[in-house]
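The values are calculated or read from the model by the stated rules, or taken from the named source; none is laboratory data. In this text the structure is predicted, and so the values were computed from the model without any measurement. Counting neighbours? That spans all protein chains shown, and the Cβs are built from the backbone with ideal geometry, glycine included. Just the protein is used for accessible areas: all its heavy atoms, side chains included, with ligands, DNA and RNA removed. Shrake-Rupley method; radii C 1.70, N 1.55, O 1.52, S 1.80 Å.
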Amino acid sequence: MGVAVADKNGPDETGKTGPGEQGRPDIRDDDLERRRQKLEATLATRRPDRREGGEGARSSSTAGYGQALKLSSEFIAGIAVGAGLGWAIDRMAGTSPWGLIVFLLLGFGAGILNVLRSAGVVADQGLKASDKAADKPEKEK
Amino acid sequence: MANDPIHQFQIAKWIPIEIGGLDFSFTNSSAFMVATVGAAGAFLFLTTSSRGLIPSRLQSVSEMSYEFVASMLRDAAGSQGMKFFPFVFSLFMFVLVANLLGLFPYFFTVTSHIIVTFALALLVIGTVVVYGFMKHGLAFLKLFVPQGVPAVLAPLVVLIEVISFLSRPISLSVRLFANMLAGHITLKVFAGFVTSLSALGFVGVAGSILPLLMTVAITGLEVLVAFLQAYVFAVLTSMYINDAIHPGH
Amino acid sequence: MEAEAAKAIGAGIACLGMGGAGIGLGTIFGNYLAGALRNPSAADGQFGRLIFGFAVTEALGIFSLLVALLLLFT
């Protein structure tokens, strides 16, 4: 069918149809590839869009509720783990009360880090060195 | 006692089994876990078995749940994370169906026991750690050392990162457990108001309409919370899996 | 037994300090919200400072929690 079209289109431009026929499958492949990529790109942009938009429109308050629950439990978990670790270290090494003191404060830092991370202010673990280096000392104060 | 809000969480041994001094009894909790798995599996299997090109209503529900989890995992962990899709999807369906089953009156809520949620969270973190070490070896430990931290601060930062990592299973499990527990206790307390008020005669019955309305409203909220908590659990799981796949960047 | 009771009472009193931190956090978040509602476009830029204030205020609350834990567990 492609040949027929080429013949119809270029009866007098024989020089052009030759390379055109050769190039056509390539072009078509390219075209397909390009279109697929474009589709993927649009899908990729639309996917989070659609979901966030839908959720935001439908229930921004429930999202906020979930977010609040998430943040508070992240914070408390950091402190709890810090205190637990400190207590266990005290118990084993007999360094009462210092392990508890130091690790509770470290756990506090970890809790803040958890909150920042799940709020999306600090990038994920290991990401964005500059951000983190800037944020870290601030947190220790 | 009928009005005890904690009574619904008690574990009853249905078939006592003891092997080597360890208690392997088949309890009501295990029964409802089996029911959860059975309900989720049967639902997914039966609704998709017709394989209609134009999905029926129930088939589109299971396709939606598949799509939902798949896009969530792809967003969080990239296409490499899709090999964990069966894991995340099973977790999501288990938590969701367990939460929803628990909303039926007289049913046991599996996820309202911290040992269950903590076991699930440990499964997630264990998968992350094992897969991370298998794939990256010791380079997985770079997860705890953010780049560009001054050498003076590094030990402190590493300690904080380690604690932050350890706090993940805790927060994952406590969040689910606390939400289910608190929701069910609230529900029970308000429902208890209805019965104890209506014992007071006509005025009590009239007054008990308010807690009854509250109970209805809280039930609606609990359905929402059941979805929300399953969603949060799955989202965090896929985020942690992302850490296992790409620790360094 | 007497010392145990005194410890528990002391831990309870120490936890009162957390109330102060709670008031402080309420002030911080309330003022942040008030400011954010006046000028929503500037709100996101100040989120870091909000968390900084939260951290510093909550740290003082954590100190009182620490004292309570020390009383209870050492």
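Hey, could you check segment B:128-164 for residues that are within 18 Å of B:LEU236 (Cα to Cα) and open to solvent by 40 Å² or more (accessible area, probe 1.4 Å) and say which is nearest to the other protein chains (Cβ to nearest Cβ)? My answer is B:VAL162. One residue alone among A:GLY64, A:GLY54 is within 23 Å of B:VAL225 (Cα to Cα), modelled with pLDDT under 50 and of a type outside the set (Phe, Trp, Tyr), and that residue is A:GLY54.
Put simply, of B:SER167, B:SER198, B:SER208 the only residue that is surrounded by 20 or more Cβ atoms within 10 Å (Cβ to Cβ) and not hydrophobic (A, V, I, L, M, F, W, C) is B:SER167. Screening C:THR57, C:THR27 for residues that are touching a residue at least 24 places away in the same chain (Cβ under 8 Å), farther than 30 Å from A:GLY94 by Cβ and in a helix (DSSP H, G or I) leaves exactly one candidate, C:THR57.
Among the residues of segment B:49-78, just one is open to solvent by 20 Å² or more (accessible area, probe 1.4 Å), modelled with pLDDT under 85 and in contact with a Ser or Thr (Cβ under 6 Å, 6 or more places away or on another chain), namely B:ALA76.
Criterion first (under 29 Å from B:PRO105 (Cβ atoms) and not aromatic (Phe, Trp, Tyr)) does B:ILE54 satisfy it? Against the criterion (under 29 Å from B:PRO105 (Cβ atoms) and not aromatic (Phe, Trp, Tyr)), B:ILE54 does not qualify. Counting only residues that are of a type in the set (A, V, I, L, M) and open to solvent by less than 50 Å² (accessible area, probe 1.4 Å), which one in segment B:19-42 is farthest from B:VAL110 (Cα to Cα)? Top of the filtered list is B:ALA42. Looking only at segment B:219-231, decide whether some residue is farther than 30 Å from A:ARG117 by Cβ and within 14 Å of chain A (Cβ to nearest Cβ). Yes, segment B:219-231 contains a residue that is farther than 30 Å from A:ARG117 by Cβ and within 14 Å of chain A (Cβ to nearest Cβ). For the residues B:VAL174, B:VAL189, the requirement of being more than 14 Å from chain A (Cβ to nearest Cβ) and either under 30 Å from the mean Cα position of the chain (by Cα) or under 19 Å from A:ALA68 (Cβ atoms) (or both) singles out B:VAL189.
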